[in-house]
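This report refers to the structure that appears directly beneath it.
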Amino acid sequence: MLPSSADAAALLESLRASVPSGVLLEDAADQAPFLTDHRRLYQGRALGVALPREIAEVSALLAWCNAQRIGVVPQGGNTSYCGGATPDPSGLQLVIGLRRLNRIRAIDAADFSITVEAGCTLAQVQRAAAEAGRFFPLELGSAGTCQIGGNLATNAGGLNVLRFGMARALTLGIEAVLADGRVYQRLRALHKDNTGYDLTGLLVGSEGTLGIITAATLKLWPPLRSTATAFAAVPDVAAAVALLTELQAAAGGRVNSYELLPRSALELALRHIEGVTDPLAAAHEWYVLCELSSFADEALGTVLAQALETATDAGLVQDAVLAANERQRASLWQLRENVPEAQRRAGPSLKHDVSVPVARLAGFVAAASQWVRDHVPSGTLVAYGHAGDGNLHFNISFAANTLPAALAAQEPVVRRAIHDLVAAHGGSFSAEHGIGRLKVGELERYASPVSLAMMREIKRALDPNGIMNPGKVLAIS
Ligand code: FAD
Ligand code: MLT
Ligand code: ZN
């Protein structure tokens, strides 16, 4: 029988007896940050918040939850944009935070691999790699807070996907605790391993619905010895896409970042983020921030400057500035990485994390922008993001005094129109942020019946009691 709120006190007593002291956070104030999400879209309650210190404690917690039919909500840095790490309002779910599992277990510089525990922040992993003379390429604006377990659980993307791939592509092996407490142990630095189904790949991106990732072995690269970074104004999205093709040809695969920004995003950053300045003299409608990198000492600045010059002659670039030193490079990235924070400070927004094939980006932006102009006159379109991956954060900002009810009334209509246009352009309604709680209905609508059936069958096989992150990713009847 499923537990009810009448059972809460007895369940808590039983839980206390099942784990060593110090694992459970009992104080309401200590628990509070774990019960709401980064965007404050959801407010949950929980039976408890557990912060295990070792894998055996994770295993014991899951075995207890499975026996008692208690829903488990894994939580990393809690930077999810879709409510994936927030418990429901029942007060009967257990939040398991991974932050205390934060050791770098091993770095093998010769093997270009690092083994880390799930609770390490992304920045901690990047630093550990750098200290060993290696480079870990995953890069997100939330790097100081998000955890590698959360990055793998969401198959995070970010700023370097174009060259290095998403989190799954950077993962060689993982260790995870399954719903019944068993441990899947596959921390191996093997680049080739065709032994049956790709279970590691399945757990990556499963958003805590199939198990808790406790550690991972990740790929490393040599340190980047040269970079060249430019901020260029382009007349439109089609020109931005054409410029990418030119750059790829000129730089021979050394383009690691290719970000698109509209003027509206730059203005938000200028207005709300201290220290941000406009890199160019005049205002333009669209910009790209692009970066080339190399593992060798190379004159990449010359390659980039020449490519931009050729593109200027071809009418693809209106104006551009190259970072002359590390300080200027950092300030260009500060501008880009602070767009989400600037947007948050400006007021409420409707966010759409979408992707389309790169070649269809301009057509999609034209059609979806027209729809927003026609139907959302009170909103400002801020469509920015990882254009090199065909991934845009097609967000609409509203004035700070917009009433939540007014926004809530528009949200389903806007979401449907944008996501239908994405589908019509052969794209995805969830490019990199995941499904979480926010987009369960979208998955139901856009995934094929066969895909949904396969996902449900996998879920049932690995989590027959449905305790792993209930209500996230899949609607289970
Ligand atoms: P959480 O938010 O804690 O959890 C996310 C999901 O993973 C939840 O479903 C949770 O249950 C599950 N989970 C967490 N840890 C584990 C674990 N150890 N085992 C199993 N399941 C687990 N995302 C991008 O992809 N690209 C970006 O460029 C990007 N930029 C961002 C910029 C900012 C400023 C912010 C705030 C967020 C950004 N994000 C981006 C979103 C977010 O940072 C990522 O999704 C990140 O990977 C989430 O990591 P987390 O540790 O915070 O996970
Ligand atoms: C980013 O790329 O900055 C984030 O993934 C998008 C966002 O914060 O909306
Ligand atoms: Zn992003």
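Just so it is clear, none of the values below were taken in a lab; they were calculated from the coordinates. What you are looking at is a predicted structure, and each value in this text was computed from that prediction instead of being measured. As a convention, Cβ positions derive from the backbone with ideal geometry for all residues, glycine included, and neighbour counts pool all protein chains shown.
Just one of the listed residues (Ala123, Ala109, Ala156) is within 13 Å of ligand 1 (Cβ to nearest atom), surrounded by fewer than 22 Cβ atoms within 10 Å (Cβ to Cβ) and among the hydrophobic types (A, V, I, L, M, F, W, C), and it is Ala123. Candidates in the range 131-143 are the residues that are assigned to a loop (DSSP other than H, G, I, E, B) and within 16 Å of ligand 3 (Cβ to nearest atom); of these, the one that is surrounded by the fewest Cβ atoms within 10 Å (Cβ to Cβ) is Gly141. Could we say that Ser294 is in contact (Cβ under 8 Å) with a residue 40 or more places away in the chain and within 20 Å of the chain's Cα centre (by Cα) here? Here the answer is no, as Ser294 does not meet what is asked.
Before we move on, is Ile435 out of contact with any Gly (no Cβ under 6 Å at 6 or more places or on another chain), surrounded by 21 or more Cβ atoms within 10 Å (Cβ to Cβ), β-branched (Val, Ile, Thr) and at negative phi? Even if it seems obvious, please write down each step before you answer.
Details: out of contact with any Gly (no Cβ under 6 Å at 6 or more places or on another chain): yes; surrounded by 21 or more Cβ atoms within 10 Å (Cβ to Cβ): yes; β-branched (Val, Ile, Thr): yes; at negative phi: yes.
In short, yes.
Looking only at the range 113-130, decide whether some residue is in contact (Cβ under 8 Å) with a residue 12 or more places away in the chain, touching a Ser or Thr at 6+ places or on another chain (Cβ under 8 Å) and in a loop (DSSP other than H, G, I, E, B). Scanning the range 113-130 turns up at least one residue that is in contact (Cβ under 8 Å) with a residue 12 or more places away in the chain, touching a Ser or Thr at 6+ places or on another chain (Cβ under 8 Å) and in a loop (DSSP other than H, G, I, E, B).
Would the range 147-165 turn up any residue that is without any contact (Cβ under 8 Å) to a residue 60 or more places away in the chain, of a type in the set (Gly, Ala, Ser) and at negative phi? Looking through the range 147-165, none of the residues is without any contact (Cβ under 8 Å) to a residue 60 or more places away in the chain, of a type in the set (Gly, Ala, Ser) and at negative phi. Looking at Glu131, Glu117 in this structure, which one is over 21 Å from the mean Cα position of the chain (by Cα) and not aromatic (Phe, Trp, Tyr)? Being over 21 Å from the mean Cα position of the chain (by Cα) and not aromatic (Phe, Trp, Tyr) holds for just one of Glu131, Glu117, which is Glu131.
Among the residues in the range 297-308, are any closer than 17 Å to Gln343 by Cβ and among the aliphatic types (A, V, I, L, M)? No, because not a single residue in the range 297-308 is closer than 17 Å to Gln343 by Cβ and among the aliphatic types (A, V, I, L, M).
Across the range 455-475, what is the number of residues that are more than 24 Å from the chain's Cα centre (by Cα) and either surrounded by fewer than 21 Cβ atoms within 10 Å (Cβ to Cβ) or within 15 Å of Cys82 (Cα to Cα) (or both)? Going through the range 455-475 one residue at a time, the tally reaches 7. Looking only at the range 420-463, count how many residues are part of a loop (DSSP other than H, G, I, E, B), more than 16 Å from ligand 2 (Cβ to nearest atom) and more than 22 Å from Val372 (Cα to Cα). So the count comes out to 4.
Within the range 268-281, is even one residue touching a Lys or Arg at 6+ places or on another chain (Cβ under 6 Å) and closer than 24 Å to Leu392 by Cα? Scanning the range 268-281 turns up at least one residue that is touching a Lys or Arg at 6+ places or on another chain (Cβ under 6 Å) and closer than 24 Å to Leu392 by Cα. The residues in the range 198-229 that are among the aliphatic types (A, V, I, L, M), under 24 Å from the mean Cα position of the chain (by Cα) and not in a helix (DSSP H, G or I) can be counted, and the count is 9. The condition of being acidic (Asp, Glu) and either in contact (Cβ under 8 Å) with a residue 12 or more places away in the chain or within 16 Å of ligand 3 (Cβ to nearest atom) (or both) holds for only one of Asp198, Asp193, Asp180, that being Asp180. Note on the range 390-417: among residues that are buried (at least 22 other Cβ atoms within 10 Å of the Cβ) and within 21 Å of Ala362 (Cβ to Cβ), the one that is farthest from ligand 3 (Cβ to nearest atom) is Ile396. Could you please let me know if Gly379 is in contact (Cβ under 8 Å) with a residue 12 or more places away in the chain and farther than 15 Å from Phe231 by Cα? The answer is yes for Gly379. Filtered by the rule that a residue be at positive phi and not basic (Lys, Arg), the range 2-47 gives a lone residue, Gly22. Pairs under 6 Å by beta carbon, first residue closer than 21 Å to Pro412 by Cβ in the range 331-352, partner β-branched (Val, Ile, Thr) and in a loop (DSSP other than H, G, I, E, B), six or more apart or different chains? Cβ pairs passing all conditions: Pro348/Thr402.
Scanning for something part of a strand (DSSP E or B), in contact with a Gly (Cβ under 6 Å, 6 or more places away or on another chain) and under 18 Å from Thr312 (Cβ atoms), does the range 234-253 turn up at least one residue? Steps first, please.
Within the range 234-253, the subset part of a strand (DSSP E or B) is 234.
Imposing the further condition that a residue be in contact with a Gly (Cβ under 6 Å, 6 or more places away or on another chain) reduces the set to none.
Taking every residue of the range 234-253 in turn, none turns out to be part of a strand (DSSP E or B), in contact with a Gly (Cβ under 6 Å, 6 or more places away or on another chain) and under 18 Å from Thr312 (Cβ atoms).
For Gly83, the conditions (1) under 27 Å from the mean Cα position of the chain (by Cα); (2) at negative phi all hold with the exception of (2).
Counting the residues of the range 235-275 that are among the hydroxyl-bearing types (Ser, Thr, Tyr) and without any contact (Cβ under 8 Å) to a residue 12 or more places away in the chain gives 1.
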